[in-house]
Amino acid sequence: MSPKLARTLIWTLALLPALVVLTTLGERDLSSPSAFLNFLGRLTGIAGLALMLGAAILSCRVPGFDRPFGGLTKLWKTHHQLATAAFLLLLAHPLLLMFAAAGFSLDVAVATLIPRGADVALWTGWGALLLMMVFLGPGYRFFGNPDYQRWKHLHRLAAPAVVLALVHTFYLSRTLPWIWEWVLWVGLAALAVASIGYRFVWSRRFGRRSYRVARVDRPANNVVELNLTTEGPALLYEAGQFVYLTPQDPNLTAGFGEEHPYTLSSAPGEPGLRIAIKALGDASRAIGNIAEGSEVRLEGPYGGFFPKTSTPDAPELWIAGGIGITPFLARARHLAGVGERVDVVLIFCVQDEARALWLDEFEDVAASLPGFHVQMHYFYKEGPLDSTFVNERCPNASDRTVYICGPGPLLTLAQQVALSAGVPGSRIVTEEFDLL
Ligand SMILES: Cc1cc2nc3c(=O)[nH]c(=O)nc-3n(C[C@H](O)[C@H](O)[C@H](O)COP(=O)(O)OP(=O)(O)OC[C@H]3O[C@@H](n4cnc5c(N)ncnc54)[C@H](O)[C@@H]3O)c2cc1C
């Protein structure tokens with residue numbers, strides 16, 4: 001299934017209740033402005049709640065479920081879009097109902113908005129909206145750079161918000177034909193509960209694999225590569241996929257018991273796992289001192305950066321920036337292990353020679369694997385990456401599928417460069433190291 005089809009299906013599912021309401025349009029008398037606004041108010045409420053449930057369904061994090069969406073980071077984008085659309089519709093919902101009621105009198109309009117006494121229906125509606133503001137707000141860059149852990153804790157308020165919104169709907173909604181009312185809300189709510197149950201109960205108890213840190217390599221002073229082994233069943237994964245890693249070393253100064261996503265830098269066939277981590281904040285810095293022999297728990301694998309099946313000699317251009325080299329490291333190790341002829345050019349963008357991590361290993365792969373080439377791009381010498389550099393160092397760049405991974409600014413720049421080098425947008429694949 002293509003990512004476009006997967007997105008279309010989830011949007012259709014989440015908009016189903018609103019679509020059912022629209023099929024009843026012919027039976028309604030919407031000739032007065034009040035009736036029309038009232039209908040719109042109800043429609044936005046129904047669509048908003050259904051989109052909210054759709055966003056909850058997408059948060060399940062079942063390994064493999066993200067693949068049709070193009071990986072977990074892309075799936076989170078759809079989740080984010082559903083939640084944003086839900087929020088905007090739910091903000092419009094009470095306003096439209098108030099304007100509709102204002103057609104009768106100001107008192108009716110006020111009574112539509114302001115709950116009196118134990119008016120469960122209105123209190124739950126406002127409660128849901130307020131909780132949504134609190135848990136969604138910190139996720140938008142508009143409010144400054146989000147603190148990931150704080151955002152994650154606040155996000156738990158999504159569950160009570162959905163429950164309050166469902167109670168509100170149960171009391172007030174008489175817009176859908178009753179049979180649909182039950183089938184759709186119960187169906188969507190059951191899927192949302194199953195999804196959240198999987199994520200927070202099932203996968204925590206049964207979905208995490210226990211590994212031990214066998215050795216910590218230090219390719220640079222701010223980068224470590226953990227070598228992990230297990231006595232249990234090994235994790236099956238593809239090159240370029242990532243896991244959520246939860247360290248269990250109680251002596252860590254930060255990040256103990258906290259899950260963070262990291263790409264597996266090992267080749268899928270090798271014994272044990274490797275994960276390369278750059279110190280970018282508290283938890284990733286502290287893990288540099290993780291005790292050898294300590295336990296880490298892994299959940300996954302997630303992501304679908306490289307296609308599941310690819311023709312070995314289909315031409316590829318890889319553009320990596322900084323620690324964004326890790327999925328390429330895994331794939332280069334995998335290709336070197338397989339040993340078949342490939343047609344790959346890697347452009348590795350770093351500030352200077354000191355940051356060209358694993359360059360020796362890439363050069364060894366290039367020496368042993370026909371068709372594998374490495375081109376270094378040093379910012380201090382060359383300035384920002386541009387299409388002249390790409391076209392000079394990479395023959396027929398426009399015929400290749402381009403894979404890009406790196407920090408946000410490089411990701412944007414490299415996509416522009418690939419487009420201006422003549423690569424069609426449909427052949428540019430990106431992996432972001434940021435989930436917000
Ligand atoms: C798909 C994916 C693959 C990644 N692969 C690698 C890798 O191979 N090597 C590597 O060094 N880094 C990788 N990262 C980045 C790594 O997850 C973050 O650097 C790390 O979580 C930062 O945590 P911190 O507490 O040290 O830093 P903070 O200062 O808390 O955060 C630094 C940045 O990381 C993000 N971040 C923080 N905590 C989390 C979290 N729990 N989940 C998601 N994002 C978070 C924040 O939004 C912020 O942009 C990957 C990220 C993603 C999304």
Q: Go through segment 267-282 and give me each residue that's more than 6 Å from the ligand (Cβ to nearest atom), under 19 Å from Ala220 (Cβ atoms) and touching a strand residue (DSSP E or B) at 6+ places or on another chain (Cβ under 6 Å).
A: Arg274, Ile275
Q.
Suppose we filter Thr78, Thr84 for residues that are under 15 Å from the mean Cα position of the chain (by Cα), within 16 Å of the ligand (Cβ to nearest atom) and hydroxyl-bearing (Ser, Thr, Tyr); which single one remains?
A. Thr78
Q. When you scan segment 95-169 for helices (runs of 4 or more DSSP H) that lie fully inside it, which ones turn up with 2 or more residues that are surrounded by 18 or more Cβ atoms within 10 Å (Cβ to Cβ) and out of contact with any strand residue (DSSP E or B) (no Cβ under 9 Å at 6 or more places or on another chain)?
A. 120-136
Q) Would a scan of segment 181-200 turn up a residue that is outside the structural domain of Phe362 (by TED's automatic domain parsing) and within 16 Å of the ligand (Cβ to nearest atom)? A) yes
Q | Any hit, segment 18-41, residues being assigned to a helix (DSSP H, G or I), out of contact with any helix residue (DSSP H, G or I) (no Cβ under 9 Å at 6 or more places or on another chain) and either of a type in the set (Gly, Ala, Ser) or outside the structural domain of Ala190 (by TED's automatic domain parsing) (or both) | A | yes
Q: Looking at (1) hydrophobic (A, V, I, L, M, F, W, C); (2) more than 13 Å from the ligand (Cβ to nearest atom); (3) modelled with pLDDT of 95 or more, find the lone condition where Leu264 falls short.
A: (2)
Q) Which of (1) more than 16 Å from the ligand (Cβ to nearest atom); (2) at pLDDT below 95; (3) open to solvent by 50 Å² or more (accessible area, probe 1.4 Å); (4) in contact with a helix residue (DSSP H, G or I) (Cβ under 9 Å, 6 or more places away or on another chain) does Ser426 not meet, given it meets every other one? A) (4)
**Q.** strands (runs of 3 or more DSSP E) fully within segment 321-436 counting 2 or more residues that are under 30 Å from Asn145 (Cα atoms) and not β-branched (Val, Ile, Thr)
**A.** 344-350, 372-378, 401-405
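The values are calculated or read from the model by the stated rules, or taken from the named source; none is laboratory data. This structure is a prediction, so every number in the text was calculated from the model and none was measured. Glycine gets a Cβ as well: all are built from the backbone with ideal geometry, and neighbour counts include every protein chain shown. All accessible areas refer to the heavy atoms of the entire protein, side chains included, with ligands and DNA or RNA removed. Shrake-Rupley method; radii C 1.70, N 1.55, O 1.52, S 1.80 Å.
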